[in-house]
Amino acid sequence: MKLIFVSENQNQVALVKRILKDHEVDVVHMTCRDSVQSMLHEQECLAVVLDFPNPTEDDFTYWRELLEGTYKPILILSSDQSDSGRIVARQQATIQLAEPLIEVLHTLSLKQSGYFTGNVIALEQNVYFDTIQRSIIRENEMYPLTNREFQLLYVLVQRMGTPITAKELLDLVWTGEYEVSFSNLYHYIRKLREKLECNPNDPKILLTHKKGEGGFVLRFFDEKV
């Protein structure tokens, strides 16, 4: 996932990059606002942080314009570098809030995109992904997920409707782990299908994508249909 960080404060950007690397978030540093709008439409964009050291009315107008064109969270940061005490306090807050903030951004992104209601994501009629209970609820039966199953499904949900290659899934879910083969991935895909699908041998939710490089795709479900 990408976090767009629009800032001229190199120190703050470096700190955020270093912290969020452990959370599998790639910080895209930009000093110019012109390209933000186009990058916002990328599937992997999690949110935008706008660094306004001394915000003006024009800054807030720009922020509102971005909000009107996307469901992604647009956050405002004020990294005023004129006060050493504030710089230290802001850095400490950044370190402590990194993990909960990423969880909040994931939730906001899903909720505002229409995939998410509370802590439950509808995947199919009577099939739900409960992110708090870390389980699948199918036909009113609860199927707990292992940590790996949860991580895999969470990544697929964030790219709902968009195919992800097997290599991408390995890189995203098994980040930094060695001696992981595609057989590991296929094992967990099978386990997920056993909990998601009425018939795992004929999946309707977690599909195999055979075009291009192949891979998998979590079918987009619109409850309104």
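The values are calculated or read from the model by the stated rules, or taken from the named source; none is laboratory data. All figures in this text were calculated on a predicted structure; none of them were measured in a lab. Every residue, glycine as well, gets a Cβ built from its backbone with ideal geometry; the counts of neighbours run over all protein chains shown. Heads up: the accessible areas ignore ligands, DNA and RNA and are worked out on the full protein's heavy atoms, side chains in. Shrake-Rupley method; radii C 1.70, N 1.55, O 1.52, S 1.80 Å.
Structure notes:
- Residues in region 134-161 that are aliphatic (A, V, I, L, M), assigned to a loop (DSSP other than H, G, I, E, B) and more than 14 Å from Lys195 (Cα to Cα): Met160 alone.
- Subset of region 162-187 (residues that are part of a helix (DSSP H, G or I) and either of a type in the set (Val, Ile, Thr) or within 16 Å of Phe129 (Cα to Cα) (or both)): Val173
- Lys17 passes every criterion in (1) in a helix (DSSP H, G or I); (2) closer than 26 Å to Glu177 by Cα; (3) at pLDDT below 80; (4) open to solvent by 50 Å² or more (accessible area, probe 1.4 Å) apart from (3).
- Within region 23-57, tally of residues that are without any contact (Cβ under 8 Å) to a residue 12 or more places away in the chain and assigned to a helix (DSSP H, G or I): 2
- Failed item, numbered, when Thr175 is tested on (1) touching a residue at least 40 places away in the same chain (Cβ under 8 Å); (2) in contact with a strand residue (DSSP E or B) (Cβ under 9 Å, 6 or more places away or on another chain); (3) polar (S, T, N, Q): (2)
- Within region 178-222, restricting attention to residues that are acidic (Asp, Glu) and either open to solvent by 40 Å² or more (accessible area, probe 1.4 Å) or touching a residue at least 12 places away in the same chain (Cβ under 8 Å) (or both), the residue that is farthest from Gly161 (Cα to Cα) is Glu179.
- Residues being open to solvent by less than 50 Å² (accessible area, probe 1.4 Å), touching a residue at least 60 places away in the same chain (Cβ under 8 Å) and in a loop (DSSP other than H, G, I, E, B) are represented in region 69-80 by at least one member.
- Filtering region 116-133 to residues that are open to solvent by less than 90 Å² (accessible area, probe 1.4 Å), assigned to a loop (DSSP other than H, G, I, E, B) and over 17 Å from Pro203 (Cα atoms) leaves Gly118, Asn119, Thr131.
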